[in-house]
1. Loop only per DSSP, at most 14 neighbouring Cβ atoms within 10 Å: give me the trypsin sites (Lys or Arg not before Pro) in the stretch 48-109, ordered by residue number.
2. If I model a spin label at residue 57 and residue 72 as a point 7 Å from the Cα along the Cα→Cβ vector, what separation in nanometres do I get?
3. Order by neighbour count: 76, 66, fewest other Cβ atoms within 10 Å first, most last.
4. How high is the FRET efficiency from residue 35 to residue 85, r the C-beta distance, R0 25 Å, rounded to 0.05?
Amino acid sequence: MSQSKSTNSSSNVNFITTNNTDLHSHDTTVNQHSDNHEQLINARLKSLAPECDSVKTSYDLCFEEFFPNFLQGHHFEKDPCESKLKIYQDCLREALKTSHNMDLTELDSIHTDAETIRNITSKTE
């Protein structure tokens with residue numbers, strides 16, 4: 001930012017004048033930074049399968065609403081996003097099976113639910 005300084009000799013007051021172009025440039029940079037920051041905050045990863053993007057977004061929005069409440073200690077009888085997650089998982093499974101010939105059934109067999117984890121950990125206590 002370029003500035004010039006002049007002194008009023010009769011009252012010993014300093015005046016600083018600033019080039020308006022520099023101010024505009026600075027404001028533009030600040031606005032771009034704010035825009036980039038806002039975009040980063042609102043950015044979402046797309047689904048591995050593009051055809052599942054909309055259901056993934058629906059789940060993401062639900063989770064973003066749920067998770068802060070969970071962290072604050074709110075208790076939920078049931079996961080409020082469970083149905084949206086299931087829809088997304090089903091979409092992803094079908095897309096991966098169709099487009100990449102990947103069957104995720106094997107992953108289901110190694111999936112460990114909360115009850116199984118409780119049983120395993122209670123045996124070690």
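Any read-out appearing in this document is the output of simple, stated calculations on the displayed coordinates, not a laboratory observation. None of these values were measured; they are calculated from a predicted model. Glycine gets a Cβ as well: all are built from the backbone with ideal geometry, and neighbour counts include every protein chain shown.
1. Details: sites: 56, 78, 84, 86, 93, 97; in loops: 78.
Hits after loop and neighbour filter: 78.
2. With each label placed 7 Å out from Cα toward Cβ, I get 2.7 nm.
3. Numbers: 76 11, 66 15.
With the sparsest Cβ surroundings first, the list reads 76, 66.
4. Numbers: r = 32 Å, r/R0 = 1.26.
Computed FRET efficiency for residue 35 and residue 85 comes out at 0.20.
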